[in-house]
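In what follows, a single structure is set out as structure tokens and then discussed.
The values are calculated or read from the model by the stated rules, or taken from the named source; none is laboratory data. Since this is a predicted model, take the numbers as computed values, not measurements. FYI the Cβ positions are ideal-geometry reconstructions off the backbone, even for glycines, and counts take in every protein chain you see. Each accessible area value is taken on the protein alone, full model and side chains, heavy atoms only, with ligands, DNA and RNA left out. Shrake-Rupley method; radii C 1.70, N 1.55, O 1.52, S 1.80 Å.
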Amino acid sequence: WGHRLVGAGLLGMALWLLHCDVARRTVRQEGLTRFVAVCLMAGYVWLAVGGVLTAVLAPVRYGPGYDAVLHAVFLGFVISMVFGHAPIILPAVLGIALPYRPVFYAHLALLHGSLLLRVTADLAGWNTARAWGGMLNAAAVGLFLLLSAGSALSGNRAFRS
């Protein structure tokens with residue numbers, strides 16, 4: 001019952017966040033504010049998926065179901081939060097400008113598309129698709145790093161000018 005309780009807790013938290021978070025309103029704005037809201041809401045959906053999978057597949061200790069749960073929560077939720085908060089947190093921590101660029105949606109879309117492929121492949125037992133999903137997950141994180149570095153470099157040049 002412990003796994004089912006954890007799954008219900010994850011699902012409950014995700015539903016509460018989807019209902020109560022300010023992202024529901026800020027997603028209607030433009031630019032960075034919308035990007036952050038989209039990242040947060042997509043992350044909440046993956047947290048809900050992780051909760052449902054945890055409860056339904058309980059006990060999940062190993063195998064494809066375990067892989068699906070872990071990646072839904074730690075890639076879908078956590079990395080989506082990282083993508084959304086990076087343009088705000090990194091400038092404060094590193095002291096460099098990280099201007100928002102609409103191209104940031106590329107790494108976000110690649111992350112969620114490849115994660116959908118990976119989790120679906122896990123549940124269906126498609127090992128080749130699962131491997132492709134994993135490679136594309138890594139590519140999404142790499143693209144995030146490249147686009148963030150490019151934005152920081154161009155933002156700091158503009159700031160100095």
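Residue pairs whose Cβ atoms lie under 8 Å apart, separated by 6 or more positions or on different chains, with the first residue in the stretch 115-136 and more than 19 Å from Gly50 (Cβ to Cβ) and in a helix (DSSP H, G or I) and the second open to solvent by less than 100 Å² (accessible area, probe 1.4 Å) and β-branched (Val, Ile, Thr), are Ala129/Thr120.
Looking only at residues in the stretch 137-155 that are open to solvent by less than 30 Å² (accessible area, probe 1.4 Å) and closer than 11 Å to Pro99 by Cα, the one that is modelled with the lowest pLDDT is Gly155.
Here the stretch 81-105 is the region considered, the condition is being open to solvent by less than 40 Å² (accessible area, probe 1.4 Å) and aliphatic (A, V, I, L, M), and the residue that is modelled with the highest pLDDT is Met81. Can you tell me which residue within the stretch 35-65, out of those that are among the aromatic types (Phe, Trp, Tyr) and part of a helix (DSSP H, G or I), is surrounded by the most Cβ atoms within 10 Å (Cβ to Cβ)? Within the stretch 35-65, the match that is surrounded by the most Cβ atoms within 10 Å (Cβ to Cβ) is Trp46.
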